[in-house]
């Protein structure tokens, strides 16, 4: 989905209804920063807010996801296209998760192998240090790639206000986590809680 196009459409429809960002935010029970984020194409409304947003802007969900007003003849075609885009996004997220697991496993395997070899083989000191250094670089580099992939895969959903968001890399690294949840601060309500990983925006 084209976030920039959807953002411009939200701004256009908001102005058409003579709402300020603050007024629309108050109707939806969110912050005006969230409205601004949508309108600049830096995020999409979470599923729980789509219907209230559409009601406020006097549009339907299909038009929201298309980023334009639709005629009756375009409606079915766009509905199918939007459904396919959501399915593609979910599949892409799954592929990124699988890739992350593979990279993580290879990183651990290769790093541990180099550490074991550096201690087990009868080699000169400089070669032992080189193996340890290469092993460390491989592990750190692999972890970096896994983090970069995971941060950009899907979103996290706040259990308090149901806002979906992508955390900053530093917040992601610092957040305590389980397999499917991470302790993060919600950019909408400001609550720090265990947010659930979602595969779509």
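Rule-based calculations on the coordinates, nothing more; no lab input. Just so we're clear, the structure is a prediction, and the values are computed from it rather than from any experiment. FYI the Cβ positions are ideal-geometry reconstructions off the backbone, even for glycines, and counts take in every protein chain you see.
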Exposure proxy check: 38, 126 ranked by fewest other beta carbons within 10 Å? 126, 38
In a Gaussian network model over the chain where Cα atoms closer than 10 Å are linked, find which of 168, 71, 34 has the largest mean-square fluctuation. 71
Backbone N under 14 Å from the residue 151 label point (7 Å along Cα→Cβ), restricted to the range 175-194: 175
The range 74-151: relative contact order in percent, alpha carbon pairs under 8 Å with at least 6 residues between: 39
Residues 179, 9, 115 arranged by fewest to most Cβ contacts within 10 Å: 179, 115, 9
Grab the DSSP H runs of the chain that are 4 residues or longer, score each as -39,500 (n - 2.57), total them, divide by all residues and round the 222 nm result to the nearest 500 deg cm²/dmol. -21500 deg cm²/dmol
Using a simple spin-label model with points 7 Å from Cα along the Cα→Cβ vector, what separation in nm is obtained for residue 48 and residue 136? 4.5
Relative contact order [Cα under 8 Å, 6+ residues apart], the chain, whole percent: 19
Of (1) 48, 38, 29; (2) 125, 26, 22; (3) 77, 37, 23, the label for Cα extents along the principal axes in Å derived from the coordinates: (3)
In 10 Å bins starting at 0, how do the alpha-carbon pair distances of the range 74-151 split up by percent? 18, 29, 19, 15, 10, 6, 3, 0
What ranking of 13, 84 emerges when the number of other C-beta atoms within 10 Å of each C-beta is taken as an exposure proxy, fewest first? 84, 13
